[in-house]
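Some notes on the structure that comes next.
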Amino acid sequence: MRYALLVVFCAVASLSAHHSATMFDSTKVKELSGTVKEFQWKNPHVWIQLNVQNGGKVEEWSIEGGSPNTLSRNGWRPSTFSPGTAVSIKVNPMKDGQPGGQFIGAKFADGKTIGNWDRD
């Protein structure tokens with residue numbers, strides 16, 4: 001009985017640790033241009049911290065991507081978004097207006113794109 005309760009507890013804890021994308025507005029696409037502050041290549045999702053100029057001040061955006069496993073199979077590496085890199089990124093923004101979003105695609109200064117950049 002104790003073993004069964006432990007298994008159920010671990011399963012519930014694992015499921016609740018993974019969140020859905022309901023906080024993002026999938027009906028909107030926002031294009032950001034800025035400089036990469038940090039690229040966090042960690043499970044369960046990668047995060048891009050992007051510094052964006054907004055009205056004369058720098059605003060830090062947190063952009064959630066997919067899992068490192070999935071992204072690496074699509075050619076991404078921990079060095080894909082090096083700190084200091086200028087980049088434009090399209091996101092589904094946060095519903096609550098906070099500076100964050102779900103990654104759609106990116107375009108680098110040399111014209112290279114990754115993700116679904118052509119999505120509008």
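The values are calculated or read from the model by the stated rules, or taken from the named source; none is laboratory data. This one's a predicted model, so the numbers in the text were calculated from it and none came from an experiment. As a convention, Cβ positions derive from the backbone with ideal geometry for all residues, glycine included, and neighbour counts pool all protein chains shown.
Things worth noting here:
- Qualifying positions in segment 60-108 - farther than 16 Å from F39 by Cβ and hydrophobic (A, V, I, L, M, F, W, C): M94, I104
- Options S62, S88, S82, S20; residue that is within 17 Å of the chain's Cα centre (by Cα), modelled with pLDDT of 95 or more and in a loop (DSSP other than H, G, I, E, B): S82
- Some residue of segment 77-95 being in contact with a helix residue (DSSP H, G or I) (Cβ under 9 Å, 6 or more places away or on another chain) and of a type in the set (D, E, K, R): yes
- Hits in segment 33-55 - residues which are part of a strand (DSSP E or B) and among the basic types (K, R): K37
- Residue within segment 35-46 that is without any contact (Cβ under 8 Å) to a residue 40 or more places away in the chain, among the hydroxyl-bearing types (S, T, Y) and farther than 16 Å from F24 by Cβ present: no
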